[in-house]
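The values are calculated or read from the model by the stated rules, or taken from the named source; none is laboratory data. This structure is a prediction, so every number in the text was calculated from the model and none was measured. Cβ placement follows ideal geometry from the backbone for every residue including glycine, while neighbour counts extend to all protein chains displayed. Just the protein is used for accessible areas: all its heavy atoms, side chains included, with ligands, DNA and RNA removed. Shrake-Rupley method; radii C 1.70, N 1.55, O 1.52, S 1.80 Å.
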Amino acid sequence: MLSCKKDLEEHPYGFLSTSNFYKTGSDANAALIYAYSILPDLDYYSRNFIVLTELPTEDVAEAAGKSPDEVLADQNSVTSTNSLLAPAYQFPYVGINRANLVIAYVPPITDGLTDSAKNEIIGEAYCLRALHYFNLVRLFGAVPLHLTPVDDISKTNLPKSSIQAIYTQIIADLTKAASTMDETKRLGRFNKVGAWALLSKVYLELASAKSSGSEGYDWVTDANAMYTLAQQYSGYVVNTQTVYSLDPSLTNIYDVNEKFGPEHILDASVDRSGADEGQYSKLPLFFYPNLNFTLQPAPSTGTSADEYIPGGFNEFLTEPGLYNSFDPNDKRKTQLIISTIYNVGGGPGGSGPTQQLLITGTQYRPFSNKYNDAGWTSGQQTGANTPIIRYSDILLVYAEACGPTAAGYAALGQIRARAGLGNIPSGLSVADFRNAVIQERSWELCFEGNRLFDLRRSKQMESILENTYGKTITGDPYFFPIPQSEVEQNPNLNN
């Protein structure tokens, strides 16, 4: 349900008045920006979503002495009272309501709004609604389906809709959006290519879940048909557009000065100069050790400011299983996971002893360099975006959907070549090839909130996490429980 208390607060979740708003093109654009502003909130993509989707996997472990609820997520022992669940449930619904307002009230506007501009705005709102429901259904399974603005408390207590109904709506929204939008690239916003990309991920989710027998997807009638559609829409991204492509440099992907880089189909966009968390991000601090250091040895003339890291929270510890699973020559390990820091304890231009971060260490371990704001030198405000959809993600969707064909091998080969690796063996079976792609996704997309969903859709939570990495699963591996606080407000959620 939509949390009525949160949605009726004036700041930051208030409704926009429909009596004196939605009159002009400026109003329509403001409403759309308001709908986007939920993505980088600290309780969504700039923190909570990554915490909830990364901790249960083999990517990261929770450091000792941190949040008990995060420790339980790390142990796959999440109950309905876990504090991580409420924002993971509520914030997508806040975003859905904002998208529904755009969908409902922008179409009649004629003042200062061309038809093409209107189509773009409404299309983006449909994409946002689809994204939020895609997150909800993968996290919680069956949830209520709100398709109109919630402007009265009587509209908050809807019953659950089936997983099938939710996916049907997601596909309808994205198909409609793709038919009306263009390919113009806008920072942190959907376009036609983004709609295709998300559609391909949706169809792959259905194909893989049906093929593997994952819980909740027995209603899908034909896995091969879903793979074909995943191939079709990811193929549009890979083969028919020229706006996005693989960045030849892995580090450029995560450089805050390269936010318009070729891989960024959709990010939760922030800026370190923002006034509140959500306008800026603290997510990098979860990965950084709580030490002052630089990322490169200081030259004789002193260390430049953009190499200096003023310390983090040391909250996410890279799991040894993930770190050791990389090929030693994999650039995603050597360039995107930091194992050596320098000038420990020094300031920008100071010096200190070199320290090696050992994977076997109990306090400090190698950490992800994907969330790194070069130029951030003090405080806790960084401008590191959270990736939501990257081109390499969709190239791997394409490879998995194609299977062990020439196209599938070629797509996977592009990812591996950039990482400095050779091709995987030829002649693999369909199942073995697709498992190889899922494994490649674990290296390519680690720390970005994808691994949990990949393990769930391929029904590998137990076989990978328990059997391979020795983790323990005591809760439902495939869906989190709906938060108890929501069930208490909406008794229909008990059904």
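The Kirkwood hydrodynamic radius of region 12-111, based on inverse pair distances between different Cα atoms, is 15.5 Å.
Here SER273 sits with roughly 90 square angstrom of accessible surface, probe radius 1.4 Å. Helix-only arithmetic for the chain: the sum of -39500 (n - 2.57) across DSSP H runs with n ≥ 4, divided by the residue total, places the mean residue ellipticity at 222 nm at -12500 deg cm²/dmol. Excluding same-chain neighbours fewer than eight residues apart, the lysines reachable from LYS259 by a Cα-Cα span under 28 Å are LYS118, LYS176, LYS185, LYS192, LYS201, LYS282, LYS331, LYS333, LYS370.
Protein heavy-atom accessible surface, 1.4 Å probe, per residue over the chain: 36 Å². With 15 Å as the cut-off, how large is the P(r) tail for region 425-495, expressed as percent of Cα-Cα pairs? Value for region 425-495: 66 percent of Cα pairs lie more than 15 Å apart. Computed from Cα atoms alone, the Kirkwood hydrodynamic radius reported for region 241-290 is 12.6 Å.
Using only alpha carbons, region 177-333 has a radius of gyration to Kirkwood radius ratio (Rg to Rh) of 1.05.
Only one residue of PRO366, MET226, ASN76 has its Cα farthest out toward the positive end of the dipole of the chain, where Lys and Arg carry +1 and Asp and Glu -1 on Cβ, and that residue is MET226. Principal axis extents of the Cα atoms in the chain, from largest to smallest and rounded to whole angstrom, are 64, 53, 46.
The percentage of C-alpha pairs in region 48-171 whose separation is greater than 16 Å is 67%.
Mind checking region 179-283 for GluC sites (Glu not before Pro) that DSSP puts in a loop (not H, G, I, E or B) and that have at most 14 other Cβ atoms within 10 Å?
Filter output for region 179-283: GLU183.
Accessible surface for TRP219 stands near 70 Å², nearest 10, in the context of the full protein assembly shown (1.4 Å probe).
Against the empirical curve 2.2 N^0.38 Å, the C-alpha radius of gyration of region 185-252 lands at a ratio of 1.33. Using the Cβ-Cβ distance between SER378 and SER273 with R0 = 22 Å, the FRET efficiency computed as 1/(1 + (r/R0)^6) comes to roughly 0.95. Toward the positive end of the charge dipole of region 109-214, about the Cα centre and with charges on Cβ (Lys, Arg +1; Asp, Glu -1), which of ILE121, ILE163, LEU131 goes farthest? Of the listed residues, the answer is ILE163. Rounded to the nearest 20 debye, the dipole size of the chain about its Cα centre is 560 debye, using +1 on the Cβ of Lys and Arg and -1 on the Cβ of Asp and Glu.
Using the membrane-span-like helix rule (whole DSSP H runs, Cα extent along the own axis of at least 24 Å, mean Kyte-Doolittle hydropathy at least 0.5), which helices of the chain qualify?
Taking the DSSP H segments of the chain (at least 24 Å long, mean hydropathy at least 0.5), we get 85-105, 163-180.
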